[in-house]
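Beneath this line is the structure, given in structure tokens, with notes to follow.
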Amino acid sequence: MSIVAGVLIYKDQAFVPTTSQVELGPYFDTDPIEVVLLDAQNLADALGRAIVRGNPKIPPVNYAEYKRNDPTLKATSAKSWKALARVGASYGVIVDENEIALYISKLDKQGRFVDDNEKTQRFSRDTDLVVIANAILTDWRSRSQA
């Protein structure tokens, strides 16, 4: 069984939500959302707690209502996902029996987060989460210097 977790970096902070799943359906960011400084150990610890929380099952979601009350936008204080995407970055982490996959975002033509397949990184399952956190922070720093 895989565990899906996410990290969003915005305004020099990392936001690590609980990633919940509609029964046999999509994943949604839900509370609690941890906010940590951009430090590898803090980020690794928050990511570890998100992985331990796993992907709680939630009832079907009214998408329009979810968008109005999006917990990630509330946590970041961003006005919209598009505003957040302009100055932030999104990272997906999938942990399964054999590996940890790190998906790094880029922006599509509409200014939305999408996975940059060329930047996907794979690690052995026993990789310390500090290594994953450092990979995220290395990508983030490369964006701010570009």
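Read-outs: derived from the displayed coordinates by stated rules, not from any lab. As the structure is a computational prediction, the values presented were derived from the model and not from experiment. Here the Cβ is made from the backbone with ideal geometry for all residues, glycine too, and neighbour counts use every protein chain on show.
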When 1/r is averaged over all different Cα pairs and the result inverted, which Kirkwood radius in Å belongs to the chain? 15.5 Å
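Hey, could you get me the Stokes-Einstein D for the stretch 47-96, Kirkwood radius over alpha-carbon pairs, 10 °C and 1.306 mPa s, rounded to whole µm² s⁻¹? Walk me through the numbers before you get to the answer.
On the way: Rh = 13.1 Å.
Translational D for this selection: 121 µm²/s.
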Using mean Cβ contacts within 10 Å as the protection proxy, how do 40-49, 106-115 order, highest first? 40-49, 106-115
Net lengthening on full extension, residue 13/residue 57 (0.36 nm per residue, minus Cα-Cα): 13.1 nm
Measuring from its Cα centre, the chain shows a charge dipole (+1 at each Lys and Arg Cβ, -1 at each Asp and Glu Cβ) which, in debye to the nearest 20, is 700 debye
If you plug each phi of the stretch 122-134 into the Karplus form 6.51 cos²θ - 1.76 cosθ + 1.60 with θ = phi - 60°, what whole-Hz ³J(HN,Hα) values come out, in order, with x for Gly and Pro? 10, 10, 5, 4, 8, 5, 5, 5, 5, 5, 5, 4, 5
Simple SL model, points at 7 angstrom along Cα→Cβ for residue 144 and residue 121; separation in nm is 1.7 nm
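Can you pull the percent of Cα pairs in the stretch 78-127 with separation above 17 Å?
So the pairs more than 17 Å apart make up 43 percent of the total in the stretch 78-127.
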